[in-house]
Structures are given as C-alpha cells and as structure tokens.
Amino acid sequence: MSAGRAAVPFGGHAFPYAPGTLRLSGGAAGADGVVLEHYRLWKRYFVRPRGDGMYAVYAPDAAYPYVAEAQGYGMVISALMAGADPEAREVFDGILRYVLAHPSAGHPGLHAAQQDGAGRDVGGANSATDGDLDIAYGLLLADRQWGGDGDGYRVLAIRRIDAIREAGLPVAGGPIKLGDWSSGHFDEVSRTSDWMPGHFRAFHAATGDPRWGAVLDTHLSLAGDLQRRYAPDTGLLPDFVVDAGSDPKPAPGRVLESEHDGDLHWNACRDPWRLGTDAAVSGDARSRAAATRMGCWMRAATHGDPGRIRCGYRLDGAAYGEGAAGAFVAPFAVAAMVGGGGQEWLDALWAWMAASPPDPGRYYSASVQLQVMLMASHNWWPP
C-alpha cells in the first residue's frame, strides 16, 4: 500500500451493517455529499496546526481549548475521511504527535486530558478515559487504513489499550473508571458515555485479551439493568453512575460536573449513538435493545419532530434543557437505524442534521453530529 492510499476510502460503503439496519431514504451519494460538506466546515473551524508537525482539535466550548476527547474525535474522523480528504493522514499523524507530546502525569501511556492555549498541561494533567478510548480506536482505524508501512499504528494502539486496562479497569470488575486519577470515592463513579461497546469489541479483537470481552459484557449488562431499574418508561441513561462496583445507580445530584450528573445531560446524550453503532456493526441484541428503548421513547415524546429534542432530560422523561443541539439530536439517528423509531424518524433526524451545519463556537455538538452522520451514511466501519 502506498503511503497516502486509503484501504477503506470514504464513500465506499464497503462494510455491511447488521441485517435489519435501516438506510437513509435519499440514497448514498447525496448523503455522502452532505457529510463531506459538514466535514470540510468542521475541519476549517476546529483543526489547528500547533507547530512541529502537530495538529490539535480546538474546543472553544470546553473548559480548556484543547481536551483529550477532542483529539480522540479528530483521530477517528480523519481516519474515516481518508479517500475524500487528501490531507487526512497528515491531520491524523499531526494529532497523534500532539497526543504523544502530552502524556498523562498518572500513566505515561495515556493522554493528559487538558491543555491551555499555550500548550501547557492544566487541570491536573491526568487522563480522561473517553479521550483515550477514541485515541486507541483511532489508531486501530489508522492501522487498517494506512498500515503496513512500518508506521507503528497498531503497536501504539495496543500499548494504549493496555494502558487503559491498567489504569481504568477495576481489579474486581465493574465499569470503567473516569481516568487514571480515579481513587477513593471516585473509584466507584463511572460515566455511561465511556461505555463504548464497539471499542471494547475492537480492543478484544486486536489484543486477544479475554478481559475486554468481559468488559463488553459488563457494560452491556449494566446499561440494560439501569434502564430497567431507573428508566423503565424511557430507557434513558444518566451521565454518571455511583456505587458502580457494588450497586450501580444514577448519581444523586452532583458528583463531578453539575446537579444534572444523574440525568441524561451533556455526557449521556452520546449513549444512543454508541449503543446503536455497536448494534449496527455487530448485531448484538443487547446493544440493539438498549438503543431501541431510548429511540422509540424519544420519537413518541417529540411526536417525530427532531427540533423538539431538548438538551437535558431526567430519567423519567421530564425535559429541562434548552432547544435542540446536535449532540442531543444526532445520536437518536443511530438508535433509529437499529429499531428505535423507524424509517420516517430516521429520515427526519437526517434532514435536521443536513440543515444544521457546524457552528464554529460549538465543537462538541459538531463533532458528535459529524460522527453520527458518518455512521448514518454507512461510512463507519470497525477496525
């Protein structure tokens, strides 16, 4: 393979999703054009050179301008856009250089979660699990996309996967930790948006380590149990779970970020996307059931109008947030693909996304929505 050629080019739609997964009604070519336009704007607004061949994804709406989550998103997106963007590998490698230049103070194999505008590690200089999960997954994608040239993507991926396991997985089981800094009270706190079954599945395949298979089963069982016990009518999941290793339950108010830590807020809004993606890619009935519960409820609650989705819900379905944003609306499109609302709902969600280009001040919603659009247009594939 030549240095720049993509093995799985954007627009190829080469990976078949699980039987029964819905497609957009408008056809693949038109959807690809919409995704490409959104990607070009996303790249223009948020991908920034940082010197010495480095790039980083700029997050104007985060606590600091450069955060681990953003770099993970950037690596996944750039690997998936290869074949459409001739600079995709340059961007990927530049973000990777940035990540490697900022190791966590808690574990050298992980990424320091926050940097200021001058490039200084701030906020404790420890890791954030969601960022490293996407960084590792992005490296596996890069290995499949451009590997075979001695670039070491796979070696780096496995090294990071092992670091996540060492720092993030409780010895006695239970859900994944918040980061390499988690100890004491925070040893028993987990963020549901870190429960990425498709990533755990890929890590198991890449390493052969059976512990990742156990991690997959643990998190899918937990998601279903939380839905049944705490959101039987909605299927909604909370941002944070407490007593995670013994008696998992939604956070009773603020445990880390806000009084909405026990609600579907700005973290758990991603859960329909993560669970739905695993259902579409793997066909796992557990992921499909969890995503379907959330998607069917949301379609009914909004009477099929994506513009009525709010930015925040209590687990009983009571809305408290502001008007629709991509981070909350888009993930329900993936749930719809696997049974959470049907074809008309999927097409309505796609129409909303197509008419909602990236806002240069809202990196988070733009990044979540773009990855959902890649998924909905059948441009997502496992490494």
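Among residues of the stretch 127-166 being small (Gly, Ala, Ser) and modelled with pLDDT under 95, the one that is surrounded by the most Cβ atoms within 10 Å (Cβ to Cβ) is GLY147. Can you confirm whether the stretch 324-335 contains a residue that is more than 30 Å from GLY253 (Cβ to Cβ), among the aliphatic types (A, V, I, L, M) and touching a residue at least 40 places away in the same chain (Cβ under 8 Å)? Scanning the stretch 324-335, I find at least one residue that is more than 30 Å from GLY253 (Cβ to Cβ), among the aliphatic types (A, V, I, L, M) and touching a residue at least 40 places away in the same chain (Cβ under 8 Å), so the answer is yes.
Residues of the stretch 328-373 that are in contact with a Gly (Cβ under 9 Å, 6 or more places away or on another chain) and of a type in the set (Phe, Trp, Tyr): PHE328, PHE332, TRP345, TRP350, TRP352, TYR364. Name every residue in the stretch 31-58 that is touching a strand residue (DSSP E or B) at 6+ places or on another chain (Cβ under 8 Å), crowded, with 18+ Cβ neighbours inside 10 Å and not hydrophobic (A, V, I, L, M, F, W, C), in order of residue number. Answer for the stretch 31-58, where residues must be touching a strand residue (DSSP E or B) at 6+ places or on another chain (Cβ under 8 Å), crowded, with 18+ Cβ neighbours inside 10 Å and not hydrophobic (A, V, I, L, M, F, W, C): TYR55, TYR58.
Filtering the stretch 180-197 to residues that are within 16 Å of PRO250 (Cβ to Cβ), part of a loop (DSSP other than H, G, I, E, B) and not β-branched (Val, Ile, Thr) leaves only TRP195.
Residues considered: ARG274, ARG362, ARG293, ARG308. Of these, the only one that is crowded, with 17+ Cβ neighbours inside 10 Å, more than 29 Å from SER78 (Cβ to Cβ) and charged (D, E, K, R) is ARG293. Of the residues screened, ALA112 is not one that is within 13 Å of GLN145 (Cβ to Cβ) and at pLDDT 95 or above. For the stretch 331-364, residues that are within 18 Å of GLY30 (Cα to Cα) and outside any helix (DSSP H, G or I) total 3.
Residue count for the stretch 29-56, restricted to those that are under 28 Å from ASP121 (Cα atoms) and free of Cβ contacts under 8 Å to residues at least 40 places away in the same chain: 3.
In this structure, ASP61 does satisfy being under 17 Å from LEU370 (Cα atoms), surrounded by fewer than 18 Cβ atoms within 10 Å (Cβ to Cβ) and in contact with a Lys or Arg (Cβ under 8 Å, 6 or more places away or on another chain).
A search for C-beta distances below 6 Å between a residue of the stretch 78-106 that is basic (Lys, Arg) and any residue that is surrounded by fewer than 19 Cβ atoms within 10 Å (Cβ to Cβ), counting only pairs 6+ apart in sequence or on different chains, returns ARG97/GLY53. Identify, from the list ALA82, ALA56, ALA62, the residue that is closer than 30 Å to LEU256 by Cβ, in a loop (DSSP other than H, G, I, E, B) and under 21 Å from the mean Cα position of the chain (by Cα). Every option except ALA62 fails the conditions. Can you find even one residue in the stretch 106-127 that is in a helix (DSSP H, G or I) and either in contact with a helix residue (DSSP H, G or I) (Cβ under 6 Å, 6 or more places away or on another chain) or over 28 Å from GLY361 (Cβ atoms) (or both)? Within the stretch 106-127 (the criterion being in a helix (DSSP H, G or I) and either in contact with a helix residue (DSSP H, G or I) (Cβ under 6 Å, 6 or more places away or on another chain) or over 28 Å from GLY361 (Cβ atoms) (or both)), the answer is no, since none of the residues qualifies.
So which residues in the stretch 227-246 are farther than 12 Å from ASP263 by Cα, in a helix (DSSP H, G or I) and in contact with a strand residue (DSSP E or B) (Cβ under 9 Å, 6 or more places away or on another chain), if there are any at all? Selection gives ARG229 alone.
The values are calculated or read from the model by the stated rules, or taken from the named source; none is laboratory data. For clarity, every value in this text was computed on a predicted model and none was experimentally measured. Every residue, glycine among them, receives a Cβ derived from its backbone with ideal geometry; neighbour counts consider all protein chains shown.
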